[in-house]
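S.K.: I have a structure here, written as structure tokens, and I will follow up with some questions on it.
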Amino acid sequence: MDRREFLSRITLGLSALIAALVGLPIIGYLLAPLVQPLPDQYIDVGAADSFHDTTLVKFRDPSPLPWAGQLADSALWVRRRADSGAQMFQVFSVHCTHLGCPVNWRPAAGIFLCPCHGGVFYADGRVAGGPPERPLFERDWRVEGGRLMVRAEPLPTIQTPKAT
Ligand code: FES
């Protein structure tokens, strides 16, 4: 083996090592939801009677990742509707569907407003204006024993859309 061939092999080996170091965590991140799906779990967010109009609820999302840390601290907007039947509530992720900033509720205007790029959503989650192209992410919920239970889900992304 001459010097040129030796250096060429070293370069290829180091390139493969760097590609593996960069690529394996990305592949692990992409496959994690398939390998470790969240259990079908509902989180108790409070007494159903305690929610009037639109309320921010902070909670710790059960995460399959032990190192999730502060990322597991999340929030939801719980909207009580006039309907007292099966559609009594709408529960939205606090994350804007554009790039994920937390949206704020403006009761006087009856809209959700995203502070990052001016995305605006109607009270029912539909897009009213700005860059977001889809409605707010909704969570499944149910009332059990007078408690509002919200389905645990991974952080919503554009790749995990949910019909509203
Ligand atoms: S992140 Fe909400 S409008 Fe861009």
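The values are calculated or read from the model by the stated rules, or taken from the named source; none is laboratory data. Predicted model, so just to flag it, every value in this text is computed and none were measured. Neighbour counts run over all protein chains shown; Cβ positions are idealised from the backbone, glycine included.
Yes or no, residue by residue, for (1) within 21 Å of residue 44 (Cα to Cα); (2) touching a strand residue (DSSP E or B) at 6+ places or on another chain (Cβ under 7 Å); (3) aliphatic (A, V, I, L, M):
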{"site": "69", "(1), (2), (3)": "yes, no, no"}
{"site": "72", "(1), (2), (3)": "yes, yes, yes"}
{"site": "75", "(1), (2), (3)": "yes, yes, yes"}
{"site": "78", "(1), (2), (3)": "yes, yes, yes"}
{"site": "89", "(1), (2), (3)": "yes, yes, no"}
{"site": "106", "(1), (2), (3)": "no, yes, no"}
{"site": "117", "(1), (2), (3)": "no, no, no"}
{"site": "125", "(1), (2), (3)": "no, yes, no"}
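This table checks each residue for (1) touching a strand residue (DSSP E or B) at 6+ places or on another chain (Cβ under 7 Å); (2) modelled with pLDDT of 95 or more; (3) farther than 30 Å from residue 79 by Cα; (4) surrounded by 10 or more Cβ atoms within 10 Å (Cβ to Cβ).
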| site | (1), (2), (3), (4) |
| --- | --- |
| 1 | no, no, yes, no |
| 6 | no, no, yes, yes |
| 19 | no, no, yes, yes |
| 23 | no, no, yes, yes |
| 28 | no, no, yes, yes |
| 32 | no, no, yes, yes |
| 37 | no, no, no, yes |
| 43 | yes, no, no, yes |
| 46 | yes, no, no, yes |
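S.K.: Is there a residue being part of a strand (DSSP E or B) and either within 14 Å of the chain's Cα centre (by Cα) or at pLDDT 90 or above (or both) anywhere in segment 61-73?
M.R.: Within segment 61-73 (the criterion being part of a strand (DSSP E or B) and either within 14 Å of the chain's Cα centre (by Cα) or at pLDDT 90 or above (or both)), the answer is yes, since at least one residue qualifies.
S.K.: Is it true that residue 121 is touching a strand residue (DSSP E or B) at 6+ places or on another chain (Cβ under 9 Å) and either at pLDDT below 95 or under 22 Å from residue 43 (Cα atoms) (or both)?
M.R.: no
S.K.: Next question, about the same structure. Within segment 99-118, which residues are assigned to a loop (DSSP other than H, G, I, E, B) and either more than 22 Å from residue 73 (Cβ to Cβ) or more than 8 Å from the ligand (Cβ to nearest atom) (or both)?
M.R.: 107, 108, 109, 110, 117, 118
S.K.: Ok, one more. Considering only segment 84-98, I want to know if a residue exists there that is touching a Pro at 6+ places or on another chain (Cβ under 8 Å), within 14 Å of the ligand (Cβ to nearest atom), over 18 Å from residue 57 (Cα atoms) and in contact (Cβ under 8 Å) with a residue 60 or more places away in the chain.
M.R.: Looking for residues that are touching a Pro at 6+ places or on another chain (Cβ under 8 Å), within 14 Å of the ligand (Cβ to nearest atom), over 18 Å from residue 57 (Cα atoms) and in contact (Cβ under 8 Å) with a residue 60 or more places away in the chain, one finds at least one in segment 84-98, hence yes.
S.K.: Determine which single condition residue 84 fails, assuming it passes every other condition in (1) closer than 19 Å to residue 144 by Cβ; (2) touching a strand residue (DSSP E or B) at 6+ places or on another chain (Cβ under 9 Å); (3) at pLDDT below 90.
M.R.: The failed condition is (2).
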